[in-house]
Structure formats: C-alpha cells, structure tokens
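In what follows, a structure is listed as structure tokens, so that the remarks can point back to it.
Nothing in this text is a laboratory measurement; each read-out follows from the coordinates by a stated rule. In this text, all values refer to a predicted model and were calculated from it rather than measured experimentally. Cβ placement follows ideal geometry from the backbone for every residue including glycine, while neighbour counts extend to all protein chains displayed.
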Amino acid sequence: MNIKNLFIVPTLILAFTGMVACGNSSKPASQPDETEKAVIKAPAFNADSAYAYVQAQADFGPRVPNTQAHRDCGEYLAKQLEAFGAKVYNQYADLSAWDGTILKARNIIGAYNPDSKKRILLCAHWDSRPYADNDPDEKNHRKHILGVNDGASGVGVLLEIARQLQKQAPQIGIDIIFFDAEDYGIPEFHQGAYKEHTWCLGSQYWARTPHVQGYFARYGILLDMVGGKGATFYYEPYSARTAKSQMKKIWKKAHELGYGNYFPKQEGAEVIDDHVYVNTLGRIPCVDIINYDPTCQTSSFGSYWHTMNDTMENIDRNTLKAVGQTVMDVIYNEK
Ligand code: AHN
Ligand code: ZN
C-alpha cells in the first residue's frame, strides 16, 4: 500500500460508518444545518447597470427644483420605477425654502408587494443642490451643482435594486422613496442667523403626509453619497442611537460579503439628513449609509462635496456594488 492509499482507506471507512449511522434517514450527511440554511443569497447587484442610472441622471444636468432638468428627471425616475414593476405614487408639494422660494417638489415612491404589512423602506434624495457653496472658488458659490455623488449615486443604486426586485421578489414588501428638496438647505454664504429645518424638505413633507395613510415600515435605509471611489461608510451617530440593531445588521452583512473596507465599524460624523425626519416625524428608525472621509480638511463628505467637481469622474462601480449588494443581501434575508 502506498502513502496515497493510506489516506483513502480511513476515508472510505468513515463514509461507510456514516451511511450506517444515518440508517433510514433520507437526509444526506452533507446537508447544511439550520443556521447555515437560513442565510439567503440575494440576486447579484449589477454595478454597470447602477452606474448607467447614475449617468442618466447626470445627463439631465443639475436637478435643482423649479428647473426643466428637475422636471424631466422626475419623469424619468417615475417611469423607471413603473417599468420595473413598482406601484408608483407621486407626491407633489409646494415647499418653502430657507429664503422663501416656493419649490415645486415631487417625492417619487415605488412600492413592491404593497399589500404586505412587513415593509422595509429604502430611500435617497434625487434633487441637486442649487449652491456650490463649498467650492474653493467663491465665484461658484451660487452655481448649481451636478450632484452626481450627492444625490444621483443613491438613486442609481436604488433603481438597480428596483430592477432586481421585479425579477425576484424578497419575502417582505419594499418601498423605494426618492425624496425631493433635500439639498436646498441654508447656504454657507448666508449672512443672517442660522435657520433650522431648511434641509430635507421633501422627507419632512413625506413624514408628515405619507403616501399611504397610516404607513409603517420596520425600518428604513437611506443612501447618501454612495458612489465615490474609496468611500468609507462609518457608523453615523444619529443612526447608531436611533436604529442601532438595524445598523449593526447592515454592517455585519457588508463584512460577511467582503466589503468590510467600505464599512468600518467606527463612528463618523453626525449629519442632518432625511433619516432624521423619517425617524422623528415618520416614527420609523432609519439608517444613513453616508460617506465619511476622516482625512479631508474641507468637508467630512469628501473634497468635492457641494463643489462644481461633484461629477461622474469620482464615481466607482466597486463602491456602488459594495453598497447595493449589501442592501440587497439585507432585504432578501428579511421575513
Ligand atoms: C448638512 O450638511 C446639514 N447635512 C448633510 C446632508 C446632505 C447634504 N446630504 C447631502 N447633501
Ligand atoms: Zn448635498
């Protein structure tokens, strides 16, 4: 008997005794146990597809409320959700900005499995900021930004998730909300007193007046600036306080899928974002997945945040994939 056969023989004995032990059980010995079996693998999120949806929004130009690009992009987004099989709701509202401008706003909602009582909310803002007030060149501070990472990236990821939801439904209902007028908040160059609640006007309106009476979801996930190359999504402290278990579940899933580098398990900066109003006014805990750059001097959201440089060049498919796949694997495991 050579050395190779010495290994084979005990294996055969083990296999035989294993068969005897199983006796009349029809269950093969290799079947995963209950805990392993419980993890569902979500369909594959296509980052090229998400990237194309980001590009499509950018191609409209800045989607600033009260502009033609904004109206056209709103139509595009509602049509896309419809094409992906969602029940679409449009909320039109006149919202008053920090300077008294009346914004013709539109929240766009796509509902999947609308009759289910078990629901998760996914959201992002679709408008772009009217002010490049963080731009190094002061002459740009009153110009509209393209809002590719800040706005279009989150919406692009959610459109790809919508496309996947149509192909294979998870066990629960999903609502995708594109909030308007998030980014019309009081500008840095304003000389007067700071005014509260000037950001997130669309989500404030929705949380006070949901698209369905008595609307409820177990929790929400907000995507904001989720496309930048080398982005890092730290625990956002407001989310960590108000949606702790959901936040941990998302980060755990990201690490299991191999996206740990994008999701450090450490706290970043606290932000006023749509998740705050979903939580306070809508009474739904909501996790903000938002880029936090601890190394940047000019903004904790990255150097191009609220500048003329928030363009397609910063967008990396790998980041879209890390976020999109993580969110998908979380929602496909809800029952
Ligand atoms: C503030 O700067 C107050 N909040 C950040 C929320 C935001 C702006 N997200 C995108 N643009
Ligand atoms: Zn912004």
For the stretch 161-303: rounded, prolate or oblate by the Cα gyration tensor [a/c cutoff 1.5]: oblate
Alpha-carbon centroids, the stretch 42-90 and the stretch 171-221: separation in whole Å: 18
Within the chain, helix-based [θ] at 222 nm, where runs of 4 or more DSSP H residues each add -39,500 (n - 2.57), nearest 500: -10500 deg cm²/dmol
Angle between the chain longest axis and helix 244-256 axis [Cα atoms, degrees, rounded to 10]: 60
For the stretch 264-318, the fraction of alpha-carbon pairs in successive 10 Å shells from zero, as %: 20, 41, 32, 7
Mean separation of Cα contacts under 8 Å (6+ apart) over length of the stretch 68-223, as relative contact order %: 30
Loop GluC sites (Glu not before Pro), the stretch 196-293, which have at most 13 other Cβ atoms in a 10 Å radius of their Cβ (DSSP): 196
Per-peptide average of other Cβ atoms within 10 Å, ordering 160-172, 118-130 highest first: 118-130, 160-172
Amide H within-cut-off set for residue 219, under 5 Å, with H built and near neighbours excluded: 121
Viscosity 0.890 mPa s, temperature 25 °C, Stokes-Einstein D of the stretch 234-335 from Kirkwood C-alpha radius, µm²/s: 167
Shape of the stretch 131-226, Cα gyration tensor, a/c cut at 1.5: oblate
Cα gyration tensor category, rounded, prolate or oblate, for the chain with a/c compared to 1.5: prolate
Cut-off under 5 Å, modelled amide H: who pairs with residue 125 long-range: 179
Whole-number percent relative contact order across the stretch 71-124, with pairs defined as alpha carbons under 8 Å at least 6 apart: 32
Pairs beyond 23 Å (Cα-Cα), from 265/321; 79/143; 41/321: 79/143
